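Chemist: Pasting a structure here, questions to come.
The values are calculated or read from the model by the stated rules, or taken from the named source; none is laboratory data. Source: prediction; values computed, not measured. Neighbour counts are summed over all protein chains in view; Cβ atoms, including those assigned to glycine, are modelled from backbone coordinates with ideal geometry. Heads up: the accessible areas ignore ligands, DNA and RNA and are worked out on the full protein's heavy atoms, side chains in. Shrake-Rupley method; radii C 1.70, N 1.55, O 1.52, S 1.80 Å.
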Amino acid sequence: MRNIKLIIEYDGTGYGGWQKQKNAHTIQQEIEDGIRKLTGEQVALIGSGRTDSGVHARGQVANFMTNSNLPPERFSYALNSVLPEDIRVLSSQEVDYKFHARYSAKGKRYRYSMIIHPHGTAIGRNYYYHLRHKLDIDAMKRATQYLIGTHDFKAFQASGSSVKDTIRRIDLAELTWEEPYLYFDIAGNGFLYNMVRIIVGTLILIGQNKIEYKMMDDIIKSKDRQMAGPTAPAHGLCLEEVYY
């Protein structure tokens, strides 16, 4: 029995997210089906975490156990021959039996992409959140400083989560303006349900001068979801990297 680690890129546009579901087309299901076609095995593919419907990934990590004799590095090529074109396995390797894509992870990095333009974009419509009016980017940048460090991020957790410990450490929270594109990069030891998208929604309110940038600190301390901004659309979010 061998433990195979995969690094996966996918366009989440046509999927109901990462996790296998009864009534949705998912990334996990596609890859498990691909492995079954190659090996005849019904494996349990373990992902580093869920991504919601419409969310993308450039560096999702997963692992599975197999008795197949296929060389580990060949799994990426073999899987790509049977997977749809909007899912690519970028690499495959054998790892220690104890490696677990979720529980071994030490952190993740996400990027949220926006376009600020009156007419938006046709080619990038599935990857950029379209905002028609200019934002106060300097205020948004000042607000990000309050995110750095270890805090209780309960105010940025969507309802429906069963997670009880809402304390997380954020190591990076950075905005990059490349007109007309605005990118928000965030990295930390873990993220709550919809946390990144709610943070982005809050930053946009600050950029629209609807709330002051100093309110970010008050929102964090409040632990009140009603104090934070709306949840930004899923299609602007991409899982860039998982750290081990």
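Chemist: Quick one: which of Ala139, Ala155 is farther than 29 Å from Asn3 by Cα, touching a Lys or Arg at 6+ places or on another chain (Cβ under 6 Å) and surrounded by 12 or more Cβ atoms within 10 Å (Cβ to Cβ)?
Modeler: Ala155
Chemist: So Ile123 passes all but one of these: (1) of a type in the set (Val, Ile, Thr); (2) under 30 Å from Phe184 (Cβ atoms); (3) in contact (Cβ under 8 Å) with a residue 40 or more places away in the chain. Which condition number does it fail?
Modeler: Tallying (1) of a type in the set (Val, Ile, Thr); (2) under 30 Å from Phe184 (Cβ atoms); (3) in contact (Cβ under 8 Å) with a residue 40 or more places away in the chain, Ile123 fails exactly one: (3).
Chemist: A further question on this structure: State which residue pairs qualify: first residue farther than 11 Å from Arg58 by Cα and inside region 232-244, second residue among the aromatic types (Phe, Trp, Tyr) and open to solvent by less than 20 Å² (accessible area, probe 1.4 Å) in any location, beta carbons under 9 Å apart, and separation of 6 or more residues or different chains.
Modeler: The qualifying pairs are Ala232/Tyr112; Gly236/Tyr112; Gly236/Phe184.
Chemist: Still on this structure, I have one more. Kindly indicate whether Phe184 is touching a Leu at 6+ places or on another chain (Cβ under 8 Å), over 22 Å from His235 (Cβ atoms) and of a type in the set (Phe, Trp, Tyr).
Modeler: Here the answer is no, as Phe184 does not meet what is asked.
Chemist: Here is a list: Asp11, Asp52, Asp96, Asp86. Which entry is out of contact with any Leu (no Cβ under 6 Å at 6 or more places or on another chain) and over 21 Å from Glu240 (Cα atoms)?
Modeler: Checking each option against the conditions leaves just Asp96.
Chemist: Residue under question is Arg50, and the condition is that it be at pLDDT below 95, among the charged types (D, E, K, R) and at negative phi; does it hold?
Modeler: yes
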